[in-house]
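**Student:** Here's a structure for you.
The values are calculated or read from the model by the stated rules, or taken from the named source; none is laboratory data. Treat the numbers as computed from the prediction; the structure is a model and nothing was measured. For neighbour counting, all protein chains shown are included, and Cβ atoms are generated from backbone atoms with ideal geometry for every residue, glycine included.
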Amino acid sequence: MELSRNKKIINTILFILLFSSCSFYSLKGSLPTHIKTISISPIINDSSEFGINDQISEIVLDRFVSENILDIADQDIADSRLNITIKKLDDKPYTYSYQSNSIYEQVEEYRIVVHAKIVWYDLTRDELLLESNRSAWGAYGTGLDISNDLIDNDGDGLIDSEDDNEFGSPRESAVRLAMQKLSDDIINQITSTW
Ligand SMILES: [Ca+2]
Ligand SMILES: [Ca+2]
């Protein structure tokens, strides 16, 4: 009698442990429990590339809402605040090709690298949750459109028609891909903090 009662208790404890560890793995469960809302400050653009702060702001906001990571709230009522600063944007030759009939080398691929700083702040406890310098790149070549430049423009292993993201004019598209990757990285940083 006593034995079966103990067994029941153990089973109940096991069930609770199992249940709580399961919920831990959901995205929201892995965030600090007292943080329910986030306010995203206007994104500061210290780079010379016009408008990329609006571009990343749109992507990040969209990800927060569509993936239900944290509810967006105004700063005066939010539990936390996210500051994103675009520090700079590099646009440099990445690979060269050598023509046999020429002594000059030609650029085959350029890379846009966006550098940003993110700060996530706990407004309820007045402490830092996360502070990190991040960067992300997008590549482009000399062709007219990145959908047929034979370059894997975002480094995901899919090239041209294999990749839904590879379309559009070279430089502009490389900037867009870099911003998308940076947004992914920011979301990952926040959701993997705990
Ligand atoms: Ca790709
Ligand atoms: Ca391509």
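**Student:** So is Val113 among the aliphatic types (A, V, I, L, M), over 13 Å from the mean Cα position of the chain (by Cα), assigned to a strand (DSSP E or B) and farther than 22 Å from His34 by Cα or not?
**Tutor:** For Val113, the condition - among the aliphatic types (A, V, I, L, M), over 13 Å from the mean Cα position of the chain (by Cα), assigned to a strand (DSSP E or B) and farther than 22 Å from His34 by Cα - is met.
**Student:** Looking at the range 167-189, can you tell me whether even one residue there is under 19 Å from Ile52 (Cβ atoms), under 14 Å from the mean Cα position of the chain (by Cα) and in a loop (DSSP other than H, G, I, E, B)?
**Tutor:** Checked the range 167-189: no residue is under 19 Å from Ile52 (Cβ atoms), under 14 Å from the mean Cα position of the chain (by Cα) and in a loop (DSSP other than H, G, I, E, B).
**Student:** I've got another one for you. Just wondering, is there one or more residues in the range 77-89 that are free of Cβ contacts under 8 Å to residues at least 40 places away in the same chain and either surrounded by 14 or more Cβ atoms within 10 Å (Cβ to Cβ) or within 22 Å of the chain's Cα centre (by Cα) (or both)? Please lay out each step first, then the result.
**Tutor:** Filtering the range 77-89 down to residues free of Cβ contacts under 8 Å to residues at least 40 places away in the same chain leaves none.
No: the range 77-89 contains no residue that is free of Cβ contacts under 8 Å to residues at least 40 places away in the same chain and either surrounded by 14 or more Cβ atoms within 10 Å (Cβ to Cβ) or within 22 Å of the chain's Cα centre (by Cα) (or both).
**Student:** If you check Glu162 against the conditions, is it free of Cβ contacts under 8 Å to residues at least 12 places away in the same chain and either touching a strand residue (DSSP E or B) at 6+ places or on another chain (Cβ under 9 Å) or small (Gly, Ala, Ser) (or both)?
**Tutor:** On the way: free of Cβ contacts under 8 Å to residues at least 12 places away in the same chain: yes; either touching a strand residue (DSSP E or B) at 6+ places or on another chain (Cβ under 9 Å) or small (Gly, Ala, Ser) (or both): no.
Criteria not met by Glu162.
**Student:** Asp164 - would you say it is in a loop (DSSP other than H, G, I, E, B) and either outside the structural domain of Ser66 (by TED's automatic domain parsing) or buried (at least 20 other Cβ atoms within 10 Å of the Cβ) (or both)?
**Tutor:** Spelling it out, it is not the case that Asp164 is in a loop (DSSP other than H, G, I, E, B) and either outside the structural domain of Ser66 (by TED's automatic domain parsing) or buried (at least 20 other Cβ atoms within 10 Å of the Cβ) (or both).
**Student:** Looking at the range 137-149, can you tell me whether even one residue there is closer than 18 Å to Val113 by Cα, of a type in the set (S, T, N, Q) and modelled with pLDDT of 95 or more?
**Tutor:** Initially, the range 137-149 is screened for residues closer than 18 Å to Val113 by Cα, giving 137-142, 146.
Right, trim to of a type in the set (S, T, N, Q) and you get 142.
Within this subset, residues satisfying the condition of being modelled with pLDDT of 95 or more are none.
Among the residues of the range 137-149, not one is closer than 18 Å to Val113 by Cα, of a type in the set (S, T, N, Q) and modelled with pLDDT of 95 or more, which makes the answer no.
**Student:** How do the pairs read when you match residues in the range 57-76 that are closer than 17 Å to Ala178 by Cβ with residues anywhere that are among the aliphatic types (A, V, I, L, M), using Cβ under 6 Å and keeping only pairs 6 or more apart or on different chains?
**Tutor:** Hits for this filter: Ser57/Ile43; Arg63/Ile187.
**Student:** Let me ask another. Here are some residues: Asp91, Asp62. Which one is of a type in the set (D, E, K, R) and in a strand (DSSP E or B)? Show your work before the answer.
**Tutor:** Working: Asp62 fails: in a strand (DSSP E or B).
None of the other options fit; the residue is Asp91.
**Student:** Residues that are in a helix (DSSP H, G or I) and more than 19 Å from Asp54 (Cα to Cα): does the range 123-143 have at least one?
**Tutor:** Step one: filter the range 123-143 for residues in a helix (DSSP H, G or I), giving none.
The answer is no, given that none of the residues of the range 123-143 is in a helix (DSSP H, G or I) and more than 19 Å from Asp54 (Cα to Cα).
**Student:** Next up: Given the options Tyr104, Tyr110, name the one that is surrounded by fewer than 10 Cβ atoms within 10 Å (Cβ to Cβ) and of a type in the set (Ser, Thr, Tyr).
**Tutor:** Tyr104
**Student:** Return the total of residues in the range 109-122 being touching an Asp or Glu at 6+ places or on another chain (Cβ under 6 Å) and either small (Gly, Ala, Ser) or touching a residue at least 40 places away in the same chain (Cβ under 8 Å) (or both).
**Tutor:** So the count comes out to 2.
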